[in-house]
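> Below is one structure. I have some questions about it.
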Amino acid sequence: MRIVSGGQSDVGQQRANNEDCFRIVPLLNLFVISDGMGGEAHGEIASAMAVETLVKACAGEEPEALAASAQMQPGWSDKTRRLFNAAHLANKKLYESAEANPEQQGMGATLSAAWINEEKLSVVHVGDSRAYLLRSGVLQQLTSDHSLVAEQVRRGILTAEEAEHSELQSVLLRALGTQPEVEVDAEEHALFPGDILLLCSDGLTRMVAEQKIAATLQSESDPGRAAEKLVAQANENGGADNVTVVVAHMEPKENGFLSWLRHGAQKNAGKNGSA
Amino acid sequence: MAKLTLMFEEKTVKEVSLGARPVGIGRSPDNDLTVDNLAVSNYHARVYVDSGKMVVEDLKSLNGTFVNEMRVERATLKHGDSIHIGKHHIKVDATGEAPASYGSGRQAATPKINETMVLDTKMRREMMQQAAALGERTQLASGRMRVPTLVVLGGKTDRQEYPLTSKLTVIGKSHLATVRLSGWFKPKMAAQINKQDDGYYLGAGDKVPSVNGAPIQGPVQLRDGDQVEVCGVRLNFIFRE
């Protein structure tokens, strides 16, 4: 599969600074977003540190952390294990930094990261940034929000509708950097040609309905432009928070014949143009 | 700069000023304010500045931390507040320090709602406990652990039965599909079944599947006993006890 991707992050309409952070590492097919929190500039520090640590650890530039191997599932691929470790390492770095620097007290960050290896997608997640997969027009949320209201919906205490209007939407049950240890969700999924992966911060999902997100992803063939459009939609709807969107398309590998046809056609078109 | 004065009855024991570093309070001598009393935990509480506000935080002490007679886990402090720990109390002097916006009403660690915040373990436990009574009722109603399963009623597949353990299930010819179809001209991904918080939803792939004989219009939630048909394969969706 060929992977084409793009991302966009924006401060939104109401916040003074952008505490979101994202990174696309094309060489690794690694996609990461993080939404930071904490007073002053510490949210920005937190999300940047989370993303940086995770990317470095996946690239093998950080010593393999001995993160809670008991929590790893035996069937996981090496890549999922490494990603899982990397998320734990990011938590540790943030926590230690906050402990060492009193002005960073209370800083933390969400994390959603997707790593694609061949046809296998590894996802890790802490907090309320989300990963989605759009497959044959169906938008499926891969991650479960670690927020109080989402947990209440899962337990049947709130309806999804009530949750959307709750004042407590920003209350997280888990985040990186707030505790010495954190529970990290990790999953593996098979990917199919035509699948579209979406990572986004809550600044998108609180402003734009899932139906609209699905429609935009489907209608835009360029992932970078899709990300721009989604960010613009969040801003049109009020842009209450920072908004960050990463989109990746799984494109079928062209087989030799198709590729020959296409390139042949392009060459011919070039000749015709110059003639 | 804010001042914290440790008092025993009406006598001043020690005075410290609050800077960037948290002020530790407890029985252990390495605290900034050492309180020599068995009712006080070794590391009992701490006071620090968070986003310009003074905050006292109980460090899971045995006998608790009180602000103006109210037990708190974490509370913002204002000038004139009194923190009680054991038989001692600590006077809070924040002259010229407290931000103007800071209200006079006491709010025990209430965060600004539109700012993202994380519940610490204790708060989390409490908030979830409040909701637990309701939650348990719901969980009891949903009964025992039941595994959603696809049972093959007809057509060529690689197995007779598929427990749906993953969030995403694909029915198709692809080697990555959960329910693998065999035969010529079968699509790689014929249909999909996705798990959501409230159940399992059947959606189209390259083909539009039918549920109980009717082609689906969009994703539909599967119910116990539904018959799914796609590409000549018939599957029974059931919950196995």
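> Considering region B:175-190 alone, what residues qualify as being closer than 16 Å to B:Tyr162 by Cα, facing another protein chain (nearest Cβ under 10 Å) and surrounded by fewer than 22 Cβ atoms within 10 Å (Cβ to Cβ)?
Result: B:His175, B:Leu176, B:Thr178.
> Checking the condition at pLDDT below 85, among the small types (Gly, Ala, Ser), within 28 Å of A:Gly108 (Cα to Cα) and part of a strand (DSSP E or B), which residue from B:Ala75, B:Ala109, B:Ala100 passes?
B:Ala75
> Further question: Checking A:Ala175 against (1) closer than 28 Å to B:Gln221 by Cβ; (2) crowded, with 24+ Cβ neighbours inside 10 Å, only one condition comes out false. Which one?
It fails just one condition, (1).
> Under the condition of being part of a loop (DSSP other than H, G, I, E, B) and of a type in the set (A, V, I, L, M, F, W, C), which residue from region B:214-238 is farthest from the chain's Cα centre (by Cα)?
Among residues in region B:214-238 that are part of a loop (DSSP other than H, G, I, E, B) and of a type in the set (A, V, I, L, M, F, W, C), the one farthest from the chain's Cα centre (by Cα) is B:Cys231.
> In region B:21-52, what residues are modelled with pLDDT under 90 and either touching a Pro at 6+ places or on another chain (Cβ under 7 Å) or within 20 Å of A:Ser97 (Cβ to Cβ) (or both)?
B:Arg21, B:Pro22, B:Tyr48, B:Val49, B:Asp50, B:Ser51, B:Gly52
> Within region A:150-188, restricting attention to residues that are facing another protein chain (nearest Cβ under 7 Å) and of a type in the set (Val, Ile, Thr), which residue is farthest from the chain's Cα centre (by Cα)?
A:Ile157
> Please go through (1) more than 14 Å from chain A (Cβ to nearest Cβ); (2) closer than 20 Å to A:Glu119 by Cα for B:Ile193 and return the number of the only condition it doesn't satisfy.
(1)
> What number of residues within region A:129-149 are within 18 Å of the chain's Cα centre (by Cα), within 8 Å of chain B (Cβ to nearest Cβ) and either farther than 18 Å from A:Ile196 by Cα or among the basic types (Lys, Arg) (or both)?
Adding up the residues that qualify gives 2.
> Oh, and also: For a quick check of your reading: which strands (runs of 3 or more DSSP E) sit entirely within region B:1-62 and have at least 1 residues that are touching a residue at least 12 places away in the same chain (Cβ under 8 Å), within 14 Å of chain A (Cβ to nearest Cβ) and within 20 Å of A:Gln104 (Cβ to Cβ)?
Where strands (runs of 3 or more DSSP E) fall fully within region B:1-62 and carry at least 1 residues being touching a residue at least 12 places away in the same chain (Cβ under 8 Å), within 14 Å of chain A (Cβ to nearest Cβ) and within 20 Å of A:Gln104 (Cβ to Cβ), they are B:23-26, B:45-50, B:53-58.
> Any idea how many residues of region B:199-213 are outside any strand (DSSP E or B) and surrounded by fewer than 21 Cβ atoms within 10 Å (Cβ to Cβ)?
5
The values are calculated or read from the model by the stated rules, or taken from the named source; none is laboratory data. Quantities reported herein were computed from a predicted structural model and do not represent experimental measurements. With ideal geometry, Cβ positions are generated from the backbone for all residues, glycine too; neighbour counts draw on all protein chains shown.
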